[in-house]
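Visitor: Next up is a structure, given as structure tokens.
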Amino acid sequence: MLRFLLGRLSLLIPTFIGITIAAFSFIRLLPGDPILVMAGERSVSPERHAELMRQFGFDRPLWQQYVEYLANALSGDLGRSLVTKRPVFDEFMTLFPATLELSLCAILLAIVIGIPAGSIAAVKRGSASDHLVMGSALVGFSMPIFWWGLLLIILFSGVLQWTPVSGRISLVYFFPPVTGFMLIDSLLSGQKGAFASAVSHLILPTIVLGTIPLAVIARQTRSAMLEVLSEDYVRTARAKGLGPSRVIGIHALRNAMIPVITTVGLQVGTLLAGAILTESIFSWPGIGKWMVDSIFRRDYPSVQGGLLLIAAMVMIVNLIVDLLYGVINPRIRHAR
Amino acid sequence: MTVDTVEHVVIDRKRVGSLALLQEFWSYFRENRGAVVGLAVFILTCFLALFADVIAPYSPTEQFRDALLAPPAWQDGGSARFLLGTDAVGRDLLSRLLHGARYSLFIGCIVVSLSLVVGILIGLVAGFVGGATDTLIMRLMDIILAFPSLLLALALVAILGPSLTNAMIAIALVQQPHYVRLTRASVLAEKTKDYVTAARVAGVGPLRLMFRTILPNCMAPLIVQAALSFSNAILDAAALGFLGMGAQPPTPEWGTMLAESREFILRAWWVVTFPGLAILITVLSINLMGDGLRDALDPRLKRS
């Protein structure tokens, strides 16, 4: 197990260095003078220009700039936002819980609906319910989620007036963030109606962000289940007289879950990409919206820091999934 | 019945080569009803896009000042003049959608060809040369894949400047690692097979070995991936357009149209609904086709 772990970690280091180089290059790849690009329409005096050049270290050799960038990044210093003047790392960490809360709810929704739906489709292969599940999954998989979000807003916020259009909680509630998760904080605050407000704000974004992972998980569960159901040990279990719920629930589902867990883990990238769109539609104050806003505001240190942090996060989650996979499936761990 | 067709096809293949291969492919493809429907819808979309100039009642940029936000024909206040209604500056929605099909299909074609060609070349080199070159290439691909695709595309467009061309370049760059990985994996699997050794012994040079001997046997997964990335390219380009980082107004690109219509969502449902529906239908038809392609090209399923 240790060798397996070390092997995976050693693969990670070059990738991490590559990610830092990519994030480092970002500002330097912008065409033209980086200071003028960041200044946009604002004018920059020659003194201010020289000062900024020094501040960003653009006046030194490239490799020195990179080494310093890497050292700073490793100690959590990703520079300051040009707009708010706050450290980029702090900005990211303040907004990250909102994205995490939304993503967790979305993936939970996808799992809770996707796995049973996929299993039913596999067990009743070729039936109407199979076609319904797989048809819906393909539609979900093909969905432009930014449009899906707008449709839901038209229906539930516009016509039915059930849910609010944007934000995380109604403005009448105010309490200090404890965990950063609005669902938990609203409960802790003890204010009447705060939790319900948080939930009603969360429902539509969760559905929108969960749609594609849901479709992927349902499809993956179905194909994994079909494979397992044709195995000898399932036939044996049936032959020795076990009821269908036991055969499917215990023998088949447990083994079918191995590839499904990997699929769930690999949705992190999809979730973060989806968060960019979902948060933009629902004005959800998370890192996805922050990244888009930062690009529009030409707040390039924020974009750079965000790129690095998000890529590092995806990398770490993928590592965890890889390790989990090794734990669940000994064949992987012992191969080589 | 199936047994008969299979035997028939095997004999035919020997006789007429690629035509029979195509027939064999079609006989598997048409078994998947969804795939056939997808193909039909896709061909229809291509037709509408090609002849948009002729079919569309108006120019996509012509503004009718007397009919701002006119509802679709079947709704109260709608008229047959504008079948799907008009947008906020009085442009005919149907004409814009028809011309928008051109953009989406064009984006798909360019992105897939670009990422496919570059991906195959890099993947061939990685798999064929091996060693340090292989390691370097694969680590580079890992780095690209570590970023969520849309985020990386956004950052690239921020560098290159928002436009349709730059959006296509960015999306192609983001998608190309998938082709590299697939090509490399198939090359590694094929490289050690006897027919390759035989060709090598017969004195076939490395370039011919790569492109004529090995590559044709690696195509099946690449074709399936191409279908998948065609639909992804359309979705991502529309997403970039929606965020204001893709095609710029007044281009009738579907994602850009959605972005323009956002402020009217509660007043005029049609300006939001139709462009998105167009994206969904196009992407869905391509994905249906992709599923059919996979079934028809996957040799493991064929034998069963």
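Visitor: Can you give me the ranges of the helices (runs of 4 or more DSSP H) entirely in the stretch A:1-102 with at least 2 residues that are among the basic types (Lys, Arg) and either more than 30 Å from residue A:276 (Cα to Cα) or at pLDDT 85 or above (or both)? Walk me through how you get there before you give the answer.
Guide: Working: elements: A:2-29, A:34-39, A:46-56, A:62-74.
In the stretch A:1-102, A:46-56 are the helices (runs of 4 or more DSSP H) which contain 2 or more residues that are among the basic types (Lys, Arg) and either more than 30 Å from residue A:276 (Cα to Cα) or at pLDDT 85 or above (or both).
Visitor: Answer yes or no as to whether residue B:240 is free of Cβ contacts under 8 Å to residues at least 60 places away in the same chain and more than 9 Å from chain A (Cβ to nearest Cβ). Steps first, answer last, please.
Guide: Working: free of Cβ contacts under 8 Å to residues at least 60 places away in the same chain: no; more than 9 Å from chain A (Cβ to nearest Cβ): yes.
Answer is no for this residue.
Visitor: Of the residues that make up the stretch B:267-278, is at least one part of a helix (DSSP H, G or I), among the β-branched types (Val, Ile, Thr) and more than 9 Å from every other protein chain (Cβ to nearest Cβ)?
Guide: Of all residues in the stretch B:267-278, those part of a helix (DSSP H, G or I) come to B:269-278.
Okay, now just the ones that are also among the β-branched types (Val, Ile, Thr), so B:271-273.
Remaining after also requiring more than 9 Å from every other protein chain (Cβ to nearest Cβ): B:271.
Yes, the stretch B:267-278 contains at least one residue that is part of a helix (DSSP H, G or I), among the β-branched types (Val, Ile, Thr) and more than 9 Å from every other protein chain (Cβ to nearest Cβ).
Visitor: Can we say residue B:172 is touching a residue at least 12 places away in the same chain (Cβ under 8 Å), away from every other protein chain (no Cβ under 12 Å) and either surrounded by fewer than 20 Cβ atoms within 10 Å (Cβ to Cβ) or touching a Ser or Thr at 6+ places or on another chain (Cβ under 8 Å) (or both)?
Guide: On the way: touching a residue at least 12 places away in the same chain (Cβ under 8 Å): yes; away from every other protein chain (no Cβ under 12 Å): yes; either surrounded by fewer than 20 Cβ atoms within 10 Å (Cβ to Cβ) or touching a Ser or Thr at 6+ places or on another chain (Cβ under 8 Å) (or both): yes.
So residue B:172 fits the description; yes.
Visitor: From the set of residues in the stretch B:218-237 that are within 12 Å of another protein chain (Cβ to nearest Cβ) and closer than 11 Å to residue B:111 by Cα, which is surrounded by the most Cβ atoms within 10 Å (Cβ to Cβ)?
Guide: Looking at the filtered set, the residue picked out is B:237.
Visitor: Okay, next question. Would you mind listing the helices (runs of 4 or more DSSP H) fully within the stretch A:224-336 where at least 3 residues are surrounded by fewer than 20 Cβ atoms within 10 Å (Cβ to Cβ)?
Guide: Numbers: elements: A:232-239, A:253-282, A:287-296, A:300-328, A:330-334.
Per the criteria, A:232-239, A:253-282, A:300-328, A:330-334.
Visitor: Okay, next question. Got a number for residues in the stretch A:140-155 being touching a residue at least 60 places away in the same chain (Cβ under 8 Å), within 12 Å of residue B:277 (Cβ to Cβ) and facing chain B (nearest Cβ under 7 Å)? Spell out the reasoning first.
Guide: Of the stretch A:140-155, the ones touching a residue at least 60 places away in the same chain (Cβ under 8 Å) are A:140-141, A:143, A:145-146, A:148-150, A:153.
Then keep just the ones that are within 12 Å of residue B:277 (Cβ to Cβ); that gives A:143, A:148, A:150.
Filter once more, keeping what is facing chain B (nearest Cβ under 7 Å): A:143, A:150.
The number of residues fulfilling the criteria is 2.
Every residue, every condition in (1) more than 30 Å from residue A:29 (Cβ to Cβ); (2) aliphatic (A, V, I, L, M), yes or no:
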{"residue": "A:67", "(1), (2)": "no, yes"}
{"residue": "A:72", "(1), (2)": "no, no"}
{"residue": "A:97", "(1), (2)": "yes, no"}
{"residue": "A:109", "(1), (2)": "yes, yes"}
{"residue": "A:121", "(1), (2)": "yes, yes"}
{"residue": "A:128", "(1), (2)": "yes, yes"}
{"residue": "A:131", "(1), (2)": "yes, no"}
{"residue": "A:157", "(1), (2)": "yes, no"}
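Visitor: Residue pairs, Cβ under 9 Å, 6 or more apart or interchain, first in the stretch A:262-278 and at the interface with another protein chain (Cβ under 8 Å from one of its Cβ atoms) and farther than 17 Å from residue B:258 by Cβ, second modelled with pLDDT under 80 and not in a helix (DSSP H, G or I). List them.
Guide: The qualifying pairs do not exist here.
Visitor: Look through the stretch B:243-262, keep the residues that are more than 10 Å from chain A (Cβ to nearest Cβ) and part of a helix (DSSP H, G or I), and return whichever of them is surrounded by the fewest Cβ atoms within 10 Å (Cβ to Cβ). Write out each step before concluding.
Guide: So the first thing to find is which residues in the stretch B:243-262 are more than 10 Å from chain A (Cβ to nearest Cβ), and the list is B:246-253, B:256-257, B:260.
In the following step, the residues that additionally are part of a helix (DSSP H, G or I) were identified as B:256-257, B:260.
Values: B:256: 26, B:257: 30, B:260: 22.
Per the criteria, the residue is B:260.
Visitor: While we're here: Would a scan of the stretch B:75-97 turn up a residue that is in a helix (DSSP H, G or I) and touching a Pro at 6+ places or on another chain (Cβ under 6 Å)? First the steps, then the outcome.
Guide: Step one: of the stretch B:75-97, the residues in a helix (DSSP H, G or I) are B:93-97.
Filter again for touching a Pro at 6+ places or on another chain (Cβ under 6 Å), leaving B:95-96.
The answer is yes, given that some residue of the stretch B:75-97 is in a helix (DSSP H, G or I) and touching a Pro at 6+ places or on another chain (Cβ under 6 Å).
Visitor: Of the residues that make up the stretch B:103-111, is at least one under 24 Å from residue B:218 (Cα atoms) and crowded, with 20+ Cβ neighbours inside 10 Å? Explain how you work it out, then say what you get.
Guide: The first filter runs over the stretch B:103-111 and keeps only residues under 24 Å from residue B:218 (Cα atoms), leaving B:108-111.
Okay, now just the ones that are also crowded, with 20+ Cβ neighbours inside 10 Å, so B:108, B:111.
Yes: the stretch B:103-111 contains one or more residues that are under 24 Å from residue B:218 (Cα atoms) and crowded, with 20+ Cβ neighbours inside 10 Å.
The values are calculated or read from the model by the stated rules, or taken from the named source; none is laboratory data. All figures in this text were calculated on a predicted structure; none of them were measured in a lab. For neighbour counting, all protein chains shown are included, and Cβ atoms are generated from backbone atoms with ideal geometry for every residue, glycine included.
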